[in-house]
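K.L.:
The structure that follows is given in the form of structure tokens.
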Amino acid sequence: MPMPNPISSLPVLRGRGGAVLTAEDLGLVLDLPREQITFTPDGLGRIRAEGRSVLIELRAKAGTTPRVHRIDDVDAADAVRFAEGVNAILANRTDSDDVDGTPFALIRSLAPTWWSTFRRRFWRGVLGSFLVFVALCVLAAVLGEGELLFFLIPLGGLAWLSLCCGTYGTVRARRERFLTERGVTVTAVRATTPGGYFFPDGTGDYRCFSHPDAGPALTVAHPPGNPADVLVLSTPFTQFANTLSGPVLLIGGALLALLNGALAVGFLID
């Protein structure tokens, strides 16, 4: 349920450490240095202004303690205006208050995950190694080493492709094995936003992420104590294929690269 107007009249609260709390059509958004929390109205209980702090209290089932998020060091007058404005909007609800609001407060990590960092470095390495390969081919052509070029292009290209695929498959398989054996594996279910999924992080909160898969649920895993570093696991068949083929391609690519290097040195010496 979106929040009706007049949310445009509510102030933007800026607090300690760069935290920013805003009211938008779809709810409240709390921007923190490393994560963003979106509160939809269905999960909001009430907003409390306590001096220069604003407390966002979620709905809770009868007999349970509601979870509370807060932003500190905001303007005290704006805090009161913000709390009164949001509470006035929430007062128009007609549904039951016996609701667990925790799944309606979704945390999105803004920090790069281990896998996204690896992929960025991987593609840089792919591009860099390809440029080196092209430079070697150009050098052989400039030196008039046609026979070297004849061997270098197919064997070098195959070595480059094998090394890239082998590295990706091996690292992916090792990361997934580490997470499934030592990490936490949970099921993420599809959210209402396109491509969005959310899952319980084990601390009582729910985290969300985006993924191109269109399925109703995904199996994800994360390191213990770090649910922000989530990875969508491959299918069992893909995991088996990566585990089996990754090292083979990696070793084969390395041997082909050594062979190319030996051939190049041999041609250049002759």
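The values are calculated or read from the model by the stated rules, or taken from the named source; none is laboratory data. Computed from a prediction, not measured in an experiment: that's the story for all the values here. Every residue, glycine among them, receives a Cβ derived from its backbone with ideal geometry; neighbour counts consider all protein chains shown. Side chains included, ligands, DNA and RNA excluded: accessible areas come from the protein's heavy atoms. Shrake-Rupley method; radii C 1.70, N 1.55, O 1.52, S 1.80 Å.
K.L.:
When you go through R207, R175, R182 one by one, which is the residue that is within 30 Å of V68 (Cα to Cα) and in contact (Cβ under 8 Å) with a residue 24 or more places away in the chain? First the steps, then the outcome.
P.N.:
Values: R175 fails: within 30 Å of V68 (Cα to Cα); R182 fails: within 30 Å of V68 (Cα to Cα).
Of the residues listed, the single one that is within 30 Å of V68 (Cα to Cα) and in contact (Cβ under 8 Å) with a residue 24 or more places away in the chain is R207.
K.L.:
I need a count of the residues in the range 63-94 that are touching a residue at least 24 places away in the same chain (Cβ under 8 Å) and assigned to a loop (DSSP other than H, G, I, E, B).
P.N.:
9
K.L.:
Looking only at the range 29-40, decide whether some residue is aromatic (F, W, Y), more than 30 Å from L250 (Cα to Cα) and within 25 Å of the chain's Cα centre (by Cα).
P.N.:
As a first pass, look at the range 29-40 and keep what is aromatic (F, W, Y): 39.
From what is left, the residues that are more than 30 Å from L250 (Cα to Cα) are 39.
Subsequent filtering for residues that are within 25 Å of the chain's Cα centre (by Cα) retains 39.
Yes, that holds for at least one residue.
K.L.:
Out of the residues in the range 139-165 meeting the condition of being in a helix (DSSP H, G or I) and without any contact (Cβ under 8 Å) to a residue 12 or more places away in the chain, tell me which one is surrounded by the most Cβ atoms within 10 Å (Cβ to Cβ). Give the steps one after another, and end with the answer.
P.N.:
Going residue by residue through the range 139-165, those that are in a helix (DSSP H, G or I) are 139-142, 146-165.
Going one step further and asking which of them are without any contact (Cβ under 8 Å) to a residue 12 or more places away in the chain, we end up with 139, 141-142, 146, 150, 154.
Numbers: L139: 15, A141: 13, V142: 8, G146: 10, F150: 11, P154: 10.
Result: L139.
K.L.:
Of the residues P227, P212, only one is buried (at least 19 other Cβ atoms within 10 Å of the Cβ) and assigned to a loop (DSSP other than H, G, I, E, B); which? Walk me through how you get there before you give the answer.
P.N.:
On the way: P212 fails: buried (at least 19 other Cβ atoms within 10 Å of the Cβ).
Among P227, P212, only P227 is buried (at least 19 other Cβ atoms within 10 Å of the Cβ) and assigned to a loop (DSSP other than H, G, I, E, B).
K.L.:
Determine whether the range 51-58 contains at least one residue that is within 15 Å of G85 (Cα to Cα) and either within 24 Å of the chain's Cα centre (by Cα) or among the basic types (K, R) (or both).
P.N.:
no
K.L.:
Let me ask something else about it. Can you tell me which residue within the range 42-60, out of those that are small (G, A, S) and in a loop (DSSP other than H, G, I, E, B), is most open to solvent (accessible area, probe 1.4 Å)?
P.N.:
In this case the residue turns out to be G51.
K.L.:
So, one more: Restricting attention to the range 166-198, which residues are part of a helix (DSSP H, G or I) and surrounded by 18 or more Cβ atoms within 10 Å (Cβ to Cβ)? Don't jump to the end; show me each part of the working.
P.N.:
Residues of the range 166-198 that are part of a helix (DSSP H, G or I), as a first pass: 166-182.
The answer is G166, T167, Y168, G169, T170, R172, A173, R175, E176, L179.
K.L.:
Taking L21 as the residue in question, decide whether it is surrounded by fewer than 17 Cβ atoms within 10 Å (Cβ to Cβ), more than 20 Å from T203 (Cβ to Cβ) and aliphatic (A, V, I, L, M).
P.N.:
Values: surrounded by fewer than 17 Cβ atoms within 10 Å (Cβ to Cβ): no; more than 20 Å from T203 (Cβ to Cβ): yes; aliphatic (A, V, I, L, M): yes.
So L21 does not fit the description; no.
K.L.:
For the range 26-39, give me the residue count where each residue is part of a loop (DSSP other than H, G, I, E, B) and within 24 Å of D229 (Cα to Cα).
P.N.:
Of all residues in the range 26-39, those part of a loop (DSSP other than H, G, I, E, B) come to 26, 32-34.
From what is left, the residues that are within 24 Å of D229 (Cα to Cα) are 32-34.
Going through the range 26-39 one residue at a time, the tally reaches 3.
K.L.:
If you don't mind, another one. Taking the condition of a type in the set (S, T, N, Q) and more than 18 Å from L256 (Cα to Cα), does S109 pass? I'd like the intermediate steps shown before the answer.
P.N.:
On the way: of a type in the set (S, T, N, Q): yes; more than 18 Å from L256 (Cα to Cα): yes.
So S109 passes the test.
K.L.:
Restricting attention to the range 96-116, which residues are assigned to a loop (DSSP other than H, G, I, E, B), open to solvent by 70 Å² or more (accessible area, probe 1.4 Å) and either touching a residue at least 12 places away in the same chain (Cβ under 8 Å) or under 30 Å from L231 (Cβ atoms) (or both)?
P.N.:
Pass one, the range 96-116, residues assigned to a loop (DSSP other than H, G, I, E, B): 96-101, 110-113.
Remaining after also requiring open to solvent by 70 Å² or more (accessible area, probe 1.4 Å): 96-98, 110, 112.
Hits for the range 96-116 are D97, D98, L110, P112.
K.L.:
Go through the range 230-247 and give me each residue that's in contact with a strand residue (DSSP E or B) (Cβ under 6 Å, 6 or more places away or on another chain) and either open to solvent by 50 Å² or more (accessible area, probe 1.4 Å) or part of a loop (DSSP other than H, G, I, E, B) (or both).
P.N.:
V230, L233
K.L.:
I want to confirm something. Restricting to the range 30-41 and keeping residues that are of a type outside the set (S, T, Y) and open to solvent by 10 Å² or more (accessible area, probe 1.4 Å), which single residue is farthest from T192 (Cα to Cα)? I'd like the intermediate steps shown before the answer.
P.N.:
Kept after step one, since they are of a type outside the set (S, T, Y), are these residues of the range 30-41: 30-37, 39, 41.
Remaining after also requiring open to solvent by 10 Å² or more (accessible area, probe 1.4 Å): 31-36.
Values: D31: 21, L32: 23, P33: 25, R34: 23, E35: 20, Q36: 17 Å.
That would be P33.
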